[in-house]
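Written out below as structure tokens is the structure these notes cover.
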Amino acid sequence: MKLDWRRSLAPAFTLARQALVGLAIAALLALPASRHLLEASMWRHMVLQYPLWMLAGALLAAALPKRAHSGLARWNASGISGLMLAGTALLVLMIPRVLDLALLHPPTEIAKSAALVATGSALRLSWRRAGLVVQGFFLGNMLLMGIAIGQLYANSPLRLCNAYLLDDQVRLGHWLTGIFTALAVAWLVQVAWWIMRREADTQAMAGSAPRPSSHRAAP
């Protein structure tokens with residue numbers, strides 16, 4: 001009997017526990033010491049802090065009541081609205097000026113963190129609902145954008161952020177290029193696996209279907 005690891009983990013990682021873990025991550029990230037540690041480097045600021053805030057948002061989305069899910073389902077048909085919200089937020093937050101303002105302007109830091117939490121929640125609530133076609137459209141645009149931004153940071157001869165040195169900017173560019181390229185390859189591998197699995201299931205169903213008899217009944 002094949003063991004479904006997701007079902008085996010479900011009793012231990014309930015929705016309430018997911019929300020508590022998300023709240024704990026958000027609380028740790030909000031500490032001044034955590035903020036200074038992660039924002040002291042440009043690559044840690046974007047490569048570590050951003051995904052951690054998004055993870056907290058995705059886990060906190062588990063605490064949404066059923067009424068909220070019903071209301072969001074009408075607004076987020078096929079996951080399109082949620083993915084558009086997430087993509088727009090990430091586009092804005094990758095602007096170098098936003099990184100500078102987040103370091104110098106506390107309201108901008110709060111808005112950045114809230115936007116990342118909302119992005120993580122939107123991705124969780126929209127991904128499965130979107131389906132393969134919408135997922136591919138979203139990822140195709142986001143991954144290409146991420147690679148382009150990574151190349152911009154890595155190859156720009158000028159400092160794009162006043163708060164960070166040029167070497168740190170180049171390091172961030174290499175990180176972004178590598179991460180988004182790896183995500184693109186992983187997505188293509190997943191799509192290829194899904195297509196092969198669907199073809200195998202179709203062939204198995206065709207092979208198990210009853211065939212018409214070639215013998216005719218005697219008169």
(request) Mind checking which of 59, 40, 116 is farthest towards the positive end of the chain's charge dipole, using Cβ charges of +1 (Lys, Arg) and -1 (Asp, Glu) about the Cα centre? (result) 59
(message) Classify region 76-140 from the C-alpha gyration tensor, please: rounded if a/c falls under 1.5, else prolate or oblate depending on whether a/b exceeds b/c.
(response) prolate
(message) Between 0 and 90 degrees, rounded to the nearest ten: what's the tilt of helix 166-208 against the longest Cα principal axis of the chain?
(response) 10
(message) Need one word for region 14-123: rounded, prolate or oblate. Basis is the Cα gyration tensor (sqrt eigenvalues a ≥ b ≥ c); a/c below 1.5 gives rounded, then a/b vs b/c decides.
(response) oblate
(message) I need the phi-derived Karplus couplings for region 139-146: 6.51 cos²θ - 1.76 cosθ + 1.60, θ = phi - 60°, integer Hz, Gly and Pro marked x.
(response) 5, x, 6, 5, 5, 5, 5, x
(request) Give me the distance between the Cα centres of region 114-164 and region 82-112, rounded to whole Å. (result) 12
(request) Provide the FRET efficiency to the nearest 0.05 for the residue 77-residue 31 pair, computing r from the beta carbons and using R0 = 30 Å. (result) 0.20
(message) Angle check, please: helix 15-30 long axis (alpha carbons) against the longest principal axis of the chain (alpha carbons), in degrees 0 to 90, nearest 10.
(response) 20
(request) Evaluate the charge dipole of region 1-144 about its Cα centre and quote only its size in Debye, nearest 20, assuming +1 on the Cβ of each Lys and Arg and -1 on the Cβ of each Asp and Glu. (result) 600
(message) As I understand it, the value is the acute angle between the Cα axis of helix 50-60 and the longest principal axis of the Cα atoms of the chain; what does it come to in degrees, rounded to 10?
(response) 50
(message) Once R0 is set to 35 Å, what does the formula 1/(1 + (r/R0)^6) return for the Cβ-Cβ distance between residue 97 and residue 63, expressed as a FRET efficiency to the nearest 0.05?
(response) 0.60
(request) Rank-order 22-34, 84-96 by packing density, defined as the average count of other C-beta atoms within 10 Å over each peptide's residues, highest first. (result) 84-96, 22-34
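Read-outs throughout are calculated quantities, based only on the coordinates presented, and are distinct from any laboratory measurement. No experiment lies behind these values; they were computed from the predicted model shown. Virtual Cβ from ideal backbone geometry, glycine too; neighbours counted across all protein chains shown.
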